[in-house]
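Data block below; observations after.
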Amino acid sequence: MTRRILLTFTARVPLIVALLTAVESGFAQDSLRNGPVRAPANRQFNPTEAELKRSRADVIQKMKETHAGAEKLLALHEAERQRSAEEYERRRDLYRQGLIARKDVLDAEQVLADAMSRVEEDQHWLAETDAAITEASMRDELLHLPGLALGGYSETSALLRFNGGALWSLAGAAKIEQYFARAFGHALPISALGQTATHDRLHLDHHDAMDVALQPDSAEGQALLNYLRQAGIPFIAFRSAVPGAATGAHIHIGKPSPRK
């Protein structure tokens, strides 16, 4: 199911790209208004740490604004799904009474499936964006934490970290998915598998990591973390939401996402 959603999501990328492109177009318009920035001749331009932080904060703020628009779109798609479900049930009743053809029911069923797919795609994108904004917002805090020895574990009010010694790559994602499906009877809620357009815009290297949309302190979250520790798989679990983000709580499997 997770693979199907990810494939369907990819097929419908144009809508999401349009939302994200707004972020970049805003920067482009600012550049046009202010004029081109040219470094002095024979001198390399190196932004200060303060400038990098300000730029990162601007990107995060624009991503949050895009996120708010996507939430409104989700509400519209959820209403559409509800209408489609009601129409499908109405046609099923009419078909049982012999008043309409079976094709009419099948058409309504397809409309409902499409509406459900749009809602799933919206939810997936929002979860992916929540996680990426959280990681970008907490990057400085992560950089200032003491390093962990191999096999080391630490826990704070906001983060749980484990520096597992296993050789991790995305090739191991399937095994984690299989464990979770056996344990809980449903698919692992993966919000990001490898690098995404959202991570590109936030300049995070996520090519060998996966995010799981689970609250670390939930029963499912705790079970997953225990499994990862036993397998020696590194992770960072984000407990609390970042102010201004919808949730942000998730489990990042793999090494931390350094800034590209």
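The values are calculated or read from the model by the stated rules, or taken from the named source; none is laboratory data. Note that the structure is a prediction, hence the values are computed from the model and not measured. Cβ coordinates were reconstructed from backbone atoms using ideal geometry, including for glycine residues, and neighbour counts include every protein chain displayed. For the accessible areas, the whole protein counts, side chains as well, though only heavy atoms, and no ligand, DNA or RNA atoms are used. Shrake-Rupley method; radii C 1.70, N 1.55, O 1.52, S 1.80 Å.
Within the full protein context, the accessible area of Y95 is estimated at about 100 Å² for a probe radius of 1.4 Å.
In this simple spin-label approximation, Q82 and A166 carry label points 7 Å from Cα along the Cα→Cβ vector, and these lie 4.2 nm apart.
For Y88, neighbours were defined as the other residues whose beta-carbon sits under 11 Å from its Cβ, and their charges (Lys and Arg +1, Asp and Glu -1) total -2.
Cross-link partners of K62 among aspartates and glutamates, defined as those whose alpha carbon lies under 16 angstrom from its own and excluding same-chain residues fewer than eight positions apart: E24, D30, E71, E128, D130, E135, D200.
Straight Cα distances below 18 angstrom link K103 to the aspartates and glutamates E86, E87, E89, D93, D114, with same-chain residues fewer than 8 positions distant left out.
In plain terms, the chain from A75 to A174 could stretch by 32.4 nm, reckoned as 0.36 nm per residue minus the Cα-Cα distance. Applying 1/(1 + (r/R0)^6) with r as the Cβ-Cβ distance of R229 and A101 and R0 = 51 angstrom yields a FRET efficiency of 0.35.
Sorted largest first by accessible area at a 1.4 angstrom probe radius, with every protein chain in place, the residues E120, E177 fall in the order E120, E177. Pull up the cross-link candidates among the lysines for K255, meaning alpha carbon to alpha carbon under 18 Å and not fewer than 8 places away within one chain. Partners within reach: K175. Placing W125, W168 in order of accessible area, with the largest value first and a 1.4 Å probe, yields W168, W125.
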